[in-house]
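Peer 1: Submitted below is the structure of interest, expressed as structure tokens.
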């Protein structure tokens with residue numbers, strides 16, 4: 001991970017941009033996070049019918065906060081032009097009471113997000129959303145990784161991108177295509193020995209659910225040469241526990257609040 005903050009300080013990843021305050025995985029969220037001073041923009045990828053990489057956590061348009069025409073909600077079954085008929089900012093996500101709606105917000109292409117790079121020195125943490133049990137929702141792991149590798153090279157961002165996934169097939173494919181891109185192995189909240197599992201992937205970063213973090217397993221990851229980037233912690237109490245465990249970064253829905261919290265402790 002690039003040294004964007006001073007040694008010993010903790011990087012802040014804006015989860016889906018800044019989901020607590022703006023519609024997730026959208027340009028308003030990414031712009032808000034950049035303005036807040038985020039170190040890394042965290043985002044998710046899907047792929048349209050015409051093989052455009054788009055920024056979406058869900059493979060189907062989520063009716064909780066996206067509205068669009070009748071018909072399929074499956075991103076892989078829509079062209080990019082058809083996907084642009086959906087509004088994913090007109091109503092706020094009910095799970096985030098401080099989130100501000102931004103009517104007319106579309107699902108952005110990855111290209112549009114990567115074009116934000118000149119606005120600062122922040123990095124991109126990009127998750128490939130791919131599903132072993134639902135292969136119809138994405139291209140193959142090799143094709144998915146190939147599309148992403150091409151976009152990273154197009155924008156000359158090899159040194160500023162890390163690729164993360166729960167499905168390590170895309171990490172393996174990316175390692176073959178772009179060996180210099182950092183890889184992050186994601187783990188849910190049940191993988192107790194994520195350090196050993198992460199070592200098997202060859203990834204330089206392990207990214208477990210924040211509830212799994214202990215000082216002992218962070219130290220074990222360090223000894224194995226890996227960094228630790230837990231997801232997704234949103235309270236001061238959880239941030240303090242992760243700080244005490246000496247993680248390298250924290251993924252959060254409210255990057256501005258986490259930055260303020262770190263500053264209050266002299267950690268930024």
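Read-outs: derived from the displayed coordinates by stated rules, not from any lab. This structure is a prediction, so every number in the text was calculated from the model and none was measured. Glycine gets a Cβ as well: all are built from the backbone with ideal geometry, and neighbour counts include every protein chain shown.
Peer 1: Taking the stretch 24-40 on its own, how many of its residues are more than 24 Å from residue 76 (Cα to Cα) and in contact with a helix residue (DSSP H, G or I) (Cβ under 7 Å, 6 or more places away or on another chain)?
Peer 2: 5
Peer 1: Specify which of the listed residues (195, 206, 247) is part of a helix (DSSP H, G or I), surrounded by 22 or more Cβ atoms within 10 Å (Cβ to Cβ) and on the phi < 0 side of the Ramachandran plot.
Peer 2: Exactly one of 195, 206, 247 is part of a helix (DSSP H, G or I), surrounded by 22 or more Cβ atoms within 10 Å (Cβ to Cβ) and on the phi < 0 side of the Ramachandran plot, namely 195.
Peer 1: Which members of the stretch 41-92 meet the condition of being over 22 Å from residue 165 (Cβ atoms), touching a helix residue (DSSP H, G or I) at 6+ places or on another chain (Cβ under 7 Å) and in contact (Cβ under 8 Å) with a residue 60 or more places away in the chain?
Peer 2: Once the filter is applied, which keeps residues that are over 22 Å from residue 165 (Cβ atoms), touching a helix residue (DSSP H, G or I) at 6+ places or on another chain (Cβ under 7 Å) and in contact (Cβ under 8 Å) with a residue 60 or more places away in the chain, the stretch 41-92 yields only 89.
Peer 1: Please pick out the residue among 147, 186, 242, 171 that is outside any helix (DSSP H, G or I) and touching a strand residue (DSSP E or B) at 6+ places or on another chain (Cβ under 6 Å).
Peer 2: Exactly one residue qualifies, and that residue is 186.
Peer 1: Report whether or not residue 164 is in a loop (DSSP other than H, G, I, E, B) and out of contact with any helix residue (DSSP H, G or I) (no Cβ under 6 Å at 6 or more places or on another chain).
Peer 2: Considered against the rule, which asks whether it is in a loop (DSSP other than H, G, I, E, B) and out of contact with any helix residue (DSSP H, G or I) (no Cβ under 6 Å at 6 or more places or on another chain), residue 164 comes out as no.
Residue-by-condition table, conditions (1) part of a loop (DSSP other than H, G, I, E, B); (2) buried (at least 18 other Cβ atoms within 10 Å of the Cβ); (3) without any contact (Cβ under 8 Å) to a residue 60 or more places away in the chain:
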site	(1), (2), (3)
216	no, no, yes
221	no, yes, yes
225	yes, no, yes
262	no, yes, no
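Peer 1: Among residues belonging to the stretch 56-79 that are more than 23 Å from residue 19 (Cα to Cα) and touching a strand residue (DSSP E or B) at 6+ places or on another chain (Cβ under 9 Å), point out the one that is surrounded by the fewest Cβ atoms within 10 Å (Cβ to Cβ).
Peer 2: 72
Peer 1: Still on this model: Can you name every residue in the stretch 107-129 that is in a loop (DSSP other than H, G, I, E, B), in contact with a strand residue (DSSP E or B) (Cβ under 7 Å, 6 or more places away or on another chain) and under 26 Å from residue 67 (Cβ atoms)?
Peer 2: 107, 108, 129, listed by residue number.
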